[in-house]
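What follows is a single structure, written as structure tokens, with notes after it.
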Amino acid sequence: MVRLQLDPFLNELTTMFEHTTEKGSVWVTLKHSSDKSKVQRNKITSAGKELEFKCLVRATDGKKNISTLVGTKDHQRFQASYATILKARMTSLKKREKKDKRKAVDVVDKKASKAAKPMDVDKKQQSSVKRV
């Protein structure tokens, strides 16, 4: 996995979206990270120093993997750029199939009428009488 700076990461993410407009997907994951090993984190906390946490952002299209670390200082700028890219490049999504409202209402009405309909008295008596 290639770790990039913020601007090259955003450029590469844009090209990933461009390559997958006709067919394919892009997966983006975000994870809370300190970019230190567990041993290093324990040494820093035992020394009494503040540990700076960052956001690890990963993206893949199934073939190519890229990642970057976003610090607290760059978070606002990255989020704005990331949102702009998503709004611009997510135009090839499939439209959601809408259900016909009339059919759904008819099905509900039929179920309600079956539940509310009492059984005939003759049918009740016939079912309760045992034949010998």
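Each of 101, 64 was scored by other Cβ atoms within 10 Å of its Cβ. Listed from fewest to most, they are 101, 64.
For the pair residue 23 and residue 77, label points projected 7 Å from Cα toward Cβ lie 3.9 nm apart.
Taking 22 Å as the limit for the C-alpha separation, the pairs 23/87; 54/87; 31/73; 49/73 exceed it in the case of 54/87. By the beta-carbon count within 10 Å of each Cβ, the least crowded to most crowded order of 85, 66, fewest first, is 85, 66. Between the beta carbons of residue 84 and residue 3, assuming R0 = 22 Å, the FRET efficiency works out to 0.45 to the nearest 0.05.
Quick note: the coordinates plus some simple rules give every number you see, no bench work behind them. Just so it is clear, the structure is predicted and the values come from calculations on it, not from any experiment. Backbone-built Cβ (ideal geometry, glycine too); neighbour counts: all protein chains shown.
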